[in-house]
Every structure is written in structure tokens, then in C-alpha cells.
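Before any comments, here is the structure.
Values in this text are rule-based calculations from the coordinates and carry no lab data. No experiment lies behind these values; they were computed from the predicted model shown. Here the Cβ positions follow ideal geometry from the backbone for every residue, glycine too, while neighbour counts run over all protein chains shown.
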Amino acid sequence: MDIVIFGVGDYFNSRKQTIENRVNIVGYIDNNPDVCGKYLEGIQIVKPEEILTLPCDYIVVMSVFASDMKRQLMEYGVSEQKIKSYNEFYGQLENGKLAVWFGKNIDIDTKLPRILIVFNYMRYSSAYTLNLNIIEALTKEGFAVSVATVAGEESCIKEIQEKGVSVLTYGNMHFATREELSWMKNYDCILVNNVYMVDCVSTIGELKPVIWWIHEPENYIKATLDLDEDYDKRNFSMIDICAVSTKAREDYWNCDNSKKLRILPIGIKDEGVGTQKTEENKIIFAIIGYVGSIKGQDIFVEAISQLSETEKQKAEFWIIGHIGEVGYGNQIREMADREDCVKILGEKTKQELNELYKKINVVVVASRTETLSLVAIEGMMHSKVCIVSDSAGIAEYISNGENGFLYRAENIDELTDRMKAVILNEHYIKEIGRKSRKTYETFFSLDAFSRSLKDEIEICLHDWNRQQIYCD
């Protein structure tokens, strides 16, 4: 089967291994002019308008914004039947194939209430880290936990198995029928953990009580709902919908204000570390997360460039996270190369990141939009000073200059001023860091999270049972 890939960014890079050895990729197209003309696996990346020169069986759109890209291709004269989203294409390849990786020392006859966590794709990311903390919280409250996903990286699956948690993969979960998902009836409650499962959450909700937990910002929500052609026809009446923050709820309501959403914040296990001075005794600023425009690494580096040379000499600035070789990733590499004080450390495992936190003093969240910020919560847990864009949902928990710093989203001058304040007032590191830690303990500890999650499950089960009685 010959296919053309539309979109060669982070979405593609994280999923390409699931299809590249099973099909013949004959072309790559992308809207980013910075990558067009470059080569990937010996094939030149071209502009979308050149698509008709690339004969193929299907064009597979690999992006969160697949609905817009699909319309773009149709405007160029491509048949709708020839265009597949990644989820649709991968689902066809994997249709009917349910795989189970049993957790270590699992008790298959357990009498504990069973919870299934469902999410889209499992790879090392903040979303994956969140799921590890959900597992920890549910286990702490006496639930037997399993995980279901469309696909996942082997290292992630093995890590979850080691926790005594089984992992089930079903590639066609997005488009599965009730009969295909009948195995979910073995669970007491199902936690569907992102907006991307919108095309199957109502089907799952026909089988068992469901909590649908929204974490994504407005543009991702809108793109996902637009791609689901049957969204307006779906029945969500049996589903408890939650949002991770006030901002996440508002973002969803900006796309669809017809549904009720409760707030369910996240929490993480306490793995706080102290801070060790670097050999050069410099203040370490870090921006953590995959390198993408929405995360604002360009804003971070631009703000650094406005510091004086004396201020730069007192600090070091780390970019931590997966970074691509083309497009935005290449842009950030070029920007970083112009600043001797900026270091690109790349993607790190959880253990490696915890070691780095021992040297980090300041965590910067420069996101253009973000519904909460797991990175900021981790920073608070580690007693770090957090400098946060006011477009992030975590901003509602921060008082500027008290337990962290806020700046107006994309305002480079203000971000520079916040960095400068820490460099010139090193006592902030301990003073604000201590208050930052207190914020974590109050709102985002695993104890607080596990109690909230247990309460939400009880509400979900109560609502489900009440509706079942009403229906009967």
C-alpha cells in the first residue's frame, strides 16, 4: 500500500514507528515552508499543493489539526475517500486486534473495584506522567487498575506492567462498535483521559460508567470536535465530564457550552528533591516539555537574548524535551546557537529529569496556551521558583511575587523582567521556592488528588446507577 504523509512534525515523529514498516511511504507534504525542500528518509518534503503529483492509495494526515488539513486537501481536488486521519488509518490496520500485556504479579481474580484508564497514544510525555500519577492515586485508594490505549511505546508499556498494571491495546478503539469494546464490561468505571477519545467515549458510556476528563486547550478541542463528523449526534447524557482546571472548562465551553463540566485538578506523587549548586554557581532556568510552538521555547530564548551580558553570565538556561530536526525544532536550535548560555538537553526520562531538578532553580512555563501545567506543578513539588505565562491554567494558583511569578502571555519584555528579578535577587530562590512547595502540598499532592478522584468516581457510579434505574 502506497501512502503520502501530510505533516512531519512531533505528531508524526512520535507515531511513525507504528506504520512505517507496514506500508510504502512514497511522499511527504507539510505546510511549514521551513521543512519543504528538505529530505526525510531520502524523500523530499513538498508543499501540499504538489499533492496531485504524488500517486498513492491514501494520504494519511498526521496532526491534531487533521480537520483543517483534510479540507485543505479537498480544496486541491483530492477525493475525501482518499484522505485518512492517523487514527482512522491505524485503526484500519489494527482492526480486530486486541492485545494484552499483563501487569507484574497481577491478581486476575481480585475482588477490588476495577478501574480502566483509557487514552489515545502512550509515549513518554507530560500526559503519560499524569497517567502514572493517576495509577498511583487509584491504587492508593484501593482500586485495581488497568490501562487501555490505541498504541504505545514498548518502554512505557513495560514501565506500567512493572507497577502491577495490565495494558490493553486496541488500534481501532476510536471507531469501534459496542461489540468490539465488550471487554470493557469487565470494569466498574472507566476514566477516558483526554478529549481525543471523543469519537468513542459515547460508545464506551453505553457499556459502563464513564468519566471523560478534559485537559486540552481550546484550539485542540475545536480541531478534535471538528474532525468528529458525528459529534452533534452523539449521546453524552450517561457520561460525567470533568475539566482539569477552570481554564480547561472555559476552553471546552468556547467550543460547546451545552454540557456540564466539573473541575477535577490533577495531583502528583511527592518526589521533591533539594537543590545542589552547580560548579559554576550559576542560577539554572529550565523550560521543560516537547519543543513545539504552543510551548513557547522561542519566547523563552527571545527573553534570554534581552538580558545583559552580565546577567547572562550569572545564569544558564536549559531547554529540556523532545526536539525535532526540522521546522520549529530547527528554529529553536538556531536561536539557541546564538546564545552561549542556552543549552539544549533534549528528551529525558523521568529519572534523568529528577536528577536535573537537583540543579534547576527556576522553572519557566512560556506556553502560548495551557489548561494547567504539569511542569509547573512538578516545579512546585521540587520547591522551585516558577515563572508562568498567565495563559496557563496554573496561573490561578499563583500570586505574582509571592509563590511564583506571572507575566502576560507572549510578552517577551515581561518574561525578561521576571528572569532578571531572580538573577538580581537570589534570595527569591529560597523564599519563593518555599511558598511554591506549600502550593503543591495544598492543591496538588497525591493525597489531595486521590481523595478528589475517589469522590469523582463515587459521583459517576451514583449517577450511572440512578440513570439505569430510571431507564429500567
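Brief remarks follow.
- Taking every alpha-carbon pair under 8 Å whose residues sit at least 6 apart, segment 194-287 reaches a relative contact order of 27 percent.
- DSSP bridge analysis restricted to segment 2-94 gives an antiparallel fraction near 10%, rounded to the nearest 5.
- Of the residues P55, I320, V291, the one whose Cα sits farthest toward the positive end of the charge dipole of the chain, with +1 on the Cβ of Lys and Arg and -1 on the Cβ of Asp and Glu, is I320.
- By DSSP, the beta bridges lying fully in the chain are antiparallel in about 10 percent of cases.
- Length-normalised contact order of the chain in % [C-alpha pairs under 8 Å, at least 6 apart]: 12
- Helix-only CD estimate at 222 nm, as mean residue ellipticity for the chain, using -39500 (n - 2.57) per DSSP H run (n ≥ 4): -10500 deg cm²/dmol
- Inter-part distance where segment 384-442 and segment 124-180 are each reduced to a Cα centre, Å: 33
- Using the average count of surrounding beta-carbon atoms within 10 Å as a protection proxy, the listed peptides 104-115, 81-92, 451-462, 15-26 rank, highest first, as 81-92, 451-462, 15-26, 104-115.
- Pairwise centroid distance, computed over Cα atoms, of segment 289-304 with segment 10-87, Å: 26
- Loop-located chymotrypsin sites (Phe, Trp or Tyr not before Pro) in segment 176-235, at most 15 other Cβ atoms within 10 Å (DSSP): none
- Overall size of the chain from C-alpha positions, given as principal axis extents largest first: 68, 58, 43 Å.
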